[in-house]
Every structure is written in C-alpha cells, then in structure tokens.
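**Student:** One structure is given below, represented as structure tokens, and several questions about it will come after.
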Amino acid sequence: MAGTHEETDMARVLRGLAHGDASVRLRTALAVGSAPDERLVDRLVERCASEPDFSVREMLTWALTRHPRALTVPRLMDELRSERPQARSQALHTLSKTGDRRAWPAIGRELLTDPDDEVARTAWRAAVALVPEDERAALAAVLTGQLGRGGRETRLSLSRALIALGEAAGAALGAAAAHPEPRVREHALATEELRRDPDAGFDFAIEEAKRRVALGTDDGKG
C-alpha cells in the first residue's frame with residue numbers, strides 16, 4: 001500500500017507541474033523544493049525548458065538547487081546541448097545558482113556567442129559566476145568579441161558581465177576601444193566609463209561614448 005500511496009503522490013506532483021494554471025504550477029514547484037525528491041530532478045529540468053511563466057521558472061530553479069548537486073549539475077550540463085533556447089538559458093541560469101564550478105568547462109564559446117540573445121546573456125552571467133580566477137582574462141577576451149551586439153538590454157548585460165570581471169577585463173576593453181566598428185568602440189568606452197563610475201548610468205555612458213567616437217576623442221584623452 002505504501003508504494004501505491006507514493007505513486008499517487010508522484011502523479012499528483014507531475015499533474016501539478018503541468019497544470020494549466022500558473023499559480024498551481026508555482027505552488028507545486030515550491031512544494032517540490034520544500035521536500036526534495038531525487039526522482040523529480042529530470043522532470044524539473046524538462047519543465048524548465050517549456051515553462052512559460054517567469055515566476056514559475058524561478059521557483060523550478062530554486063527547487064533544483066534544493067536537490068543534490070551530484071544529480072542536478074550533470075543533468076543541467078547535458079541540457080546545455082539542447083536545441084531549444086529556453087532549455088539552454090534555464091540550464092545556464094540554474095547552474096549559476098548552484099555555484100558549482102564543475103559546470104564551468106561546459107560554458108564554452110558556443111554558448112557565450114549563442115545567436116539567441118537570451119541564451120547569450122544568461123551564459124555571460126553564468127560564466128562570470130563560475131569562471132576560475134586564472135581564466136578570467138580569457139573569458140573577458142571572448143566577451144569583448146560580443147561588444148556592440150543587440151539592443152539596450154543585451155548590451156547592458158554584457159557591460160555588467162565585463163565589469164564583474166574587474167581588472168581582468170581591462171586589456172580586452174582597451175583593445176576593443178580601438179575597434180574599427182564605431183558601435184563596438186562606443187560599447188567598449190561606455191563599459192569603461194561604468195567601471196570608473198558605476199553611478200553614471202548606462203544610457204548616459206553610451207551617449208557620452210557616441211559623442212567621443214563622433215568627435216574622434218575616443219583614444220582615452222577626451
């Protein structure tokens with residue numbers, strides 16, 4: 001009878017995670033995280049790949065972090081190879097929350113330059129959270145190769161990632177400030193400005209960088 005009861009509970013949880021009402025899915029994910037069950041790791045990861053509600057995705061991530069990393073980290077690393085962008089981005093997000101540096105080798109150039117902006121942005125944040133100290137400069141070099149990419153939010157995410165790398169990003173940003181593409185130079189200069197003055201604000205830094213590039217004073221003397 002105990003086995004039947006457990007099966008009934010499992011079926012209830014699975015129905016809850018797939019329920020049409022987001023509030024039900026949220027409560028179910030909370031319950032799973034509050035009482036971790038290793039049998040649910042795969043289903044939680046799978047649900048992250050398709051869950052449309054942001055709050056529910058965050059709760060699914062929290063629930064996964066409540067399970068043993070020995071189970072979740074390898075499964076999430078596998079998910080980084082998924083063809084579905086949301087699967088990749090959520091796996092990256094959850095890996096960054098685990099803080100487990102074993103995941104670092106899986107965050108390669110392919111993810112850092114992913115054509116999907118949301119995946120790339122999440123990869124940047126995860127990489128900064130997990131990168132070993134001796135690989136920070138190499139990561140900065142890859143990230144500066146993405147300068148000028150996308151709209152405001154994408155560029156802001158990249159600037160924040162580079163700023164989080166601290167001095168390791170200095171040389172790469174300096175080289176990018178001399179890039180032949182004005183949009184890349186502007187983004188590099190704006191990021192350097194924010195490194196010096198975090199209170200300047202991204203929009204102001206970008207406008208100031210555009211002015212410097214237009215006037216030809218983007219050599220650090222303007």
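The values are calculated or read from the model by the stated rules, or taken from the named source; none is laboratory data. Keep in mind that what you see is a predicted model, and the values were worked out from it rather than measured. Here Cβ is always computed from backbone atoms with ideal geometry, including for glycine, and neighbour counts include all displayed protein chains.
**Student:** Answer yes or no: is there a residue in segment 60-80 that is over 17 Å from the mean Cα position of the chain (by Cα), modelled with pLDDT of 95 or more, over 19 Å from L130 (Cβ atoms) and surrounded by 16 or more Cβ atoms within 10 Å (Cβ to Cβ).
**Tutor:** yes
**Student:** Limited to segment 1-47, what total is found for residues that are more than 21 Å from V73 (Cβ to Cβ), modelled with pLDDT of 95 or more and of a type in the set (D, E)?
**Tutor:** 1
**Student:** If A103 satisfies every condition in (1) assigned to a loop (DSSP other than H, G, I, E, B); (2) touching a residue at least 24 places away in the same chain (Cβ under 8 Å) but one, which is the exception?
**Tutor:** (1)
**Student:** Another one. Filter segment 120-145 down to residues that are over 23 Å from D199 (Cα atoms) and crowded, with 23+ Cβ neighbours inside 10 Å, then give me how many there are.
**Tutor:** Just the residues of segment 120-145 that are over 23 Å from D199 (Cα atoms), to begin with: 120, 122-123, 126-127, 130-139, 141-142, 145.
Adding the requirement that they be crowded, with 23+ Cβ neighbours inside 10 Å leaves 120, 122-123, 126-127, 139.
Total satisfying the criteria: 6.
**Student:** If you scan segment 157-167, which residues turn out to be surrounded by 20 or more Cβ atoms within 10 Å (Cβ to Cβ), among the aliphatic types (A, V, I, L, M) and assigned to a helix (DSSP H, G or I)?
**Tutor:** Once the filter is applied, which keeps residues that are surrounded by 20 or more Cβ atoms within 10 Å (Cβ to Cβ), among the aliphatic types (A, V, I, L, M) and assigned to a helix (DSSP H, G or I), segment 157-167 yields L158, A161, L162.
**Student:** Now a separate question. Tell me which residues, restricted to segment 175-201, are within 17 Å of L165 (Cα to Cα), of a type outside the set (S, T, Y) and part of a helix (DSSP H, G or I).
**Tutor:** A175, A176, H187, A188, L189, A190, E192, E193, L194, R195, R196, P198
**Student:** May I ask you to list the residues in segment 168-187 that are surrounded by 20 or more Cβ atoms within 10 Å (Cβ to Cβ) and either closer than 20 Å to D199 by Cβ or of a type outside the set (A, V, I, L, M) (or both)?
**Tutor:** Once the filter is applied, which keeps residues that are surrounded by 20 or more Cβ atoms within 10 Å (Cβ to Cβ) and either closer than 20 Å to D199 by Cβ or of a type outside the set (A, V, I, L, M) (or both), segment 168-187 yields A169, L173, R185, E186, H187.
**Student:** Can you confirm whether R15 is surrounded by fewer than 20 Cβ atoms within 10 Å (Cβ to Cβ), part of a helix (DSSP H, G or I) and not assigned by TED's automatic domain parsing to the domain that holds G145?
**Tutor:** On the way: surrounded by fewer than 20 Cβ atoms within 10 Å (Cβ to Cβ): yes; part of a helix (DSSP H, G or I): yes; not assigned by TED's automatic domain parsing to the domain that holds G145: yes.
Against the criterion (surrounded by fewer than 20 Cβ atoms within 10 Å (Cβ to Cβ), part of a helix (DSSP H, G or I) and not assigned by TED's automatic domain parsing to the domain that holds G145), R15 qualifies.
**Student:** Scan segment 136-156 for residues that are in a helix (DSSP H, G or I) and either in contact (Cβ under 8 Å) with a residue 24 or more places away in the chain or in contact with a Gly (Cβ under 8 Å, 6 or more places away or on another chain) (or both) and report the count.
**Tutor:** First pass over segment 136-156, keeping only residues in a helix (DSSP H, G or I): 136-144, 152-156.
Then keep just the ones that are either in contact (Cβ under 8 Å) with a residue 24 or more places away in the chain or in contact with a Gly (Cβ under 8 Å, 6 or more places away or on another chain) (or both); that gives 136-137, 139-144, 152-156.
Final tally of qualifying residues: 13.
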